[in-house]
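Read the structure below first, then the notes.
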Amino acid sequence: KKADLTREDFLKHAWDWKEKYGGIILEQLKHLGASCDWERTKFTMDPDMSEAVLDVFVDLYNKGHIYRGVRMGNWDPQGLTAVSDEEVIHKETNSKLVYVKYRIENSDEFLTVATTRPETIMGDTAVCVNPHDERYTKLRGKNIIVPVVNRVVPLIFDEYVDASFGTGALKVTPAHDINDFNLGQKYKLPVIDALTADGKISEAAGAYVGMDRFACRKQIVKDLQEQGLVEKIEDIKNKVGYSERTDAVIEPKLSMQWFLKMENVSKPALEAVLSNDVKLIPEKFVNTYRHWMENVHDWCISRQLWWGQRIPAWYDGSGNTVVCKTKEEAFSRLKEKNAEVKAEDIKQDEDVLDTWFSSWLWPLTVFDPQ
């Protein structure tokens, strides 16, 4: 198990595996008759290739295109890493839509919320309804009591909610859904992360702590039924995201990651197509490409893995960070920020770069004599 190894032990195994199996695909290509120059093969983890990737990272960081921050993304609770949208496989799944009764504060009345993820109830920090939904007009200004944890949260009104789905009332869990997170930002709601990195119920949840997320889902429904807080349960089919790597159910999760700002980076790529310098065939896909490039999000380029180019960021333990290629340079620059720092205090970022961060540089690095 990876957990039983040090980083150095793991990398030794990885390199041994690469030396044993890495050339098989090249031999297959030879058998297929590919007429490549087999004397000039390159590997993304070759020292000169890795150095080129790190050079670009440092350059983009110094130009203000790369930053580190806490953002919502796809999280693999088994692989314990962020993954890209492309690595999430959406499968049609038989699910349960549970109608849970939330009591209205200072009242004997209830507001019913439909959810497929009752295990995240402990992270609810609001309930939201559509402002044009007449069923809830009389509840303006009211607060709602979240079951299980008895947390008092506001009832908010926003047109994001689809009044025709479920009961028209949405539980808002900012730490566990990107749309809920956006609502939370808009209305300045607290963020309570009810799950640990490995998919168990966290201390912050305040109940069912340490229980697996799916075991908790069953248990919380059972407990709510015993309390008379489940109105009904419907069998539905919905799309659930699975990790391409581990087949674990993906969690939308807030985590500290490195990002590449895409707004300025994407502009030249869009202009090249709109000016016909680059032609898309068939041409009908120009509009699709334009929509994609004009709505692209910042790219999460960090992964919580050990195999790959390690991010060249260094920390002194006192809140200072520098981005550079070597520990020696990092020590010198951190010494300017913190005179008391010692070489042994400096730690390199544990994360590696997403493989696509090196792949997009590949056509440039293999032909660059420098």
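The values are calculated or read from the model by the stated rules, or taken from the named source; none is laboratory data. Everything numeric in this text was worked out from a predicted model, so none of it was measured. Note that each Cβ is placed from the backbone with ideal geometry, even for glycine, and that neighbours are counted across all protein chains shown. Ligands, DNA and RNA are stripped out before the accessible areas are found, and what is left, the full protein with its side chains, is counted by its heavy atoms. Shrake-Rupley method; radii C 1.70, N 1.55, O 1.52, S 1.80 Å.
Yes or no: the stretch 236-255 includes at least one residue that is of a type in the set (S, T, Y), open to solvent by 30 Å² or more (accessible area, probe 1.4 Å) and touching a residue at least 60 places away in the same chain (Cβ under 8 Å).
Narrowing the stretch 236-255 to residues of a type in the set (S, T, Y): 242-243, 246, 255.
Among the residues that remain, those that are also open to solvent by 30 Å² or more (accessible area, probe 1.4 Å) are: 242, 246.
Among the residues that remain, those that are also touching a residue at least 60 places away in the same chain (Cβ under 8 Å) are: 242, 246.
Yes, some residue in the stretch 236-255 is of a type in the set (S, T, Y), open to solvent by 30 Å² or more (accessible area, probe 1.4 Å) and touching a residue at least 60 places away in the same chain (Cβ under 8 Å).
Are any residues in the stretch 323-340 charged (D, E, K, R), within 26 Å of A52 (Cα to Cα) and part of a loop (DSSP other than H, G, I, E, B), and if so, which ones? Spell out how you get there, then give the answer.
Our first condition is that a residue be charged (D, E, K, R); within the stretch 323-340, this holds for 325, 327-329, 333, 335-337, 340.
Retained after the next criterion (residues that are within 26 Å of A52 (Cα to Cα)): 325, 327-329, 333.
K325, the sole residue that qualifies.
Restricted to the stretch 98-146, and to residues that are closer than 17 Å to C216 by Cα, assigned to a loop (DSSP other than H, G, I, E, B) and not hydroxyl-bearing (S, T, Y), which residue is least open to solvent (accessible area, probe 1.4 Å)?
In this case the residue turns out to be D124.
For the list (1) closer than 23 Å to S202 by Cβ; (2) open to solvent by less than 10 Å² (accessible area, probe 1.4 Å); (3) not aromatic (F, W, Y), I need the number of the one condition that V152 fails.
(2)
What about L60, is it part of a helix (DSSP H, G or I) and open to solvent by less than 70 Å² (accessible area, probe 1.4 Å)?
On the way: part of a helix (DSSP H, G or I): yes; open to solvent by less than 70 Å² (accessible area, probe 1.4 Å): yes.
Against the criterion (part of a helix (DSSP H, G or I) and open to solvent by less than 70 Å² (accessible area, probe 1.4 Å)), L60 qualifies.
How many residues are touching a residue at least 60 places away in the same chain (Cβ under 8 Å) and either surrounded by fewer than 17 Cβ atoms within 10 Å (Cβ to Cβ) or over 23 Å from the mean Cα position of the chain (by Cα) (or both) if we restrict to the stretch 313-327? So that I can check it myself, show each step before the final result.
Going residue by residue through the stretch 313-327, those that are touching a residue at least 60 places away in the same chain (Cβ under 8 Å) are 313, 321, 323-325.
Of the ones still in play, those that are also either surrounded by fewer than 17 Cβ atoms within 10 Å (Cβ to Cβ) or over 23 Å from the mean Cα position of the chain (by Cα) (or both) are 321, 324-325.
Number of matching residues: 3.
Exactly one of these conditions fails for R68: (1) open to solvent by 40 Å² or more (accessible area, probe 1.4 Å); (2) part of a strand (DSSP E or B); (3) modelled with pLDDT under 95. Give me its number.
Checking R68 against (1) open to solvent by 40 Å² or more (accessible area, probe 1.4 Å); (2) part of a strand (DSSP E or B); (3) modelled with pLDDT under 95, the one that fails is (3).
Might you let me know whether the stretch 330-340 holds any residue that is under 19 Å from the mean Cα position of the chain (by Cα) and surrounded by 14 or more Cβ atoms within 10 Å (Cβ to Cβ)?
Our first condition is that a residue be under 19 Å from the mean Cα position of the chain (by Cα); within the stretch 330-340, this holds for none.
So far as the stretch 330-340 goes, no, none of its residues is under 19 Å from the mean Cα position of the chain (by Cα) and surrounded by 14 or more Cβ atoms within 10 Å (Cβ to Cβ).
Being more than 30 Å from L11 (Cβ to Cβ), within 22 Å of the chain's Cα centre (by Cα), without any contact (Cβ under 8 Å) to a residue 12 or more places away in the chain and in a helix (DSSP H, G or I), is that true of even one residue in the stretch 292-312?
Filtering the stretch 292-312 for residues more than 30 Å from L11 (Cβ to Cβ) gives 292-297.
Next, only the ones that are within 22 Å of the chain's Cα centre (by Cα) stay: 292-297.
Then drop every residue that is not without any contact (Cβ under 8 Å) to a residue 12 or more places away in the chain, which leaves 292, 295.
Subsequent filtering for residues that are in a helix (DSSP H, G or I) retains 292.
Yes: one or more hits.
Of all residues in the stretch 341-370, how many are open to solvent by less than 20 Å² (accessible area, probe 1.4 Å) and not in a loop (DSSP other than H, G, I, E, B)?
4
I'd like the residue in the stretch 218-250 that is among the basic types (K, R) and not in a helix (DSSP H, G or I) and, out of all such residues, is nearest to I145 (Cα to Cα).
So the first thing to find is which residues in the stretch 218-250 are among the basic types (K, R), and the list is 218, 222, 232, 237, 239, 245.
Going one step further and asking which of them are not in a helix (DSSP H, G or I), we end up with 232, 237, 239, 245.
On the way: K232: 19, K237: 29, K239: 29, R245: 39 Å.
Within the stretch 218-250, the match that is nearest to I145 (Cα to Cα) is K232.
Select from the stretch 38-57 the residues that are open to solvent by less than 80 Å² (accessible area, probe 1.4 Å), outside any helix (DSSP H, G or I) and more than 22 Å from A313 (Cα to Cα) and list them in ascending order. Let's see the steps before the verdict.
Start the filter on the stretch 38-57 by keeping residues that are open to solvent by less than 80 Å² (accessible area, probe 1.4 Å), which leaves 38, 41, 43-46, 48-50, 52-57.
Filter again for outside any helix (DSSP H, G or I), leaving 41, 43-46.
Residues satisfying the conditions are T41, F43.
Looking at this structure, is V265 of a type outside the set (S, T, Y) and modelled with pLDDT of 95 or more? Break it down stepwise before answering.
Numbers: of a type outside the set (S, T, Y): yes; modelled with pLDDT of 95 or more: no.
When the stated conditions are applied, V265 does not pass them.
Yes or no, residue by residue, for (1) surrounded by 13 or more Cβ atoms within 10 Å (Cβ to Cβ); (2) among the acidic types (D, E); (3) out of contact with any Ser or Thr (no Cβ under 9 Å at 6 or more places or on another chain):
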| position | (1), (2), (3) |
| --- | --- |
| K1 | no, no, yes |
| D4 | no, yes, yes |
| K12 | no, no, yes |
| K18 | yes, no, yes |
| I25 | no, no, yes |
| Q28 | no, no, yes |
| L32 | no, no, yes |
| S35 | no, no, yes |
| D76 | yes, yes, no |
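Is at least one residue of the stretch 221-231 crowded, with 17+ Cβ neighbours inside 10 Å and at positive phi?
Taking every residue of the stretch 221-231 in turn, none turns out to be crowded, with 17+ Cβ neighbours inside 10 Å and at positive phi.
Pick from D133, D198, D180, D158: which is acidic (D, E) and in contact with a Ser or Thr (Cβ under 6 Å, 6 or more places away or on another chain)? Reasoning before the result, please.
Values: D133 fails: in contact with a Ser or Thr (Cβ under 6 Å, 6 or more places away or on another chain); D198 fails: in contact with a Ser or Thr (Cβ under 6 Å, 6 or more places away or on another chain); D158 fails: in contact with a Ser or Thr (Cβ under 6 Å, 6 or more places away or on another chain).
From the options D133, D198, D180, D158, the qualifying one is D180.
Which of the residues belonging to the stretch 152-192 are part of a strand (DSSP E or B) and either among the acidic types (D, E) or closer than 15 Å to P118 by Cβ (or both)?
Listed by number, the residues that qualify are A169, L170, K171, V172.
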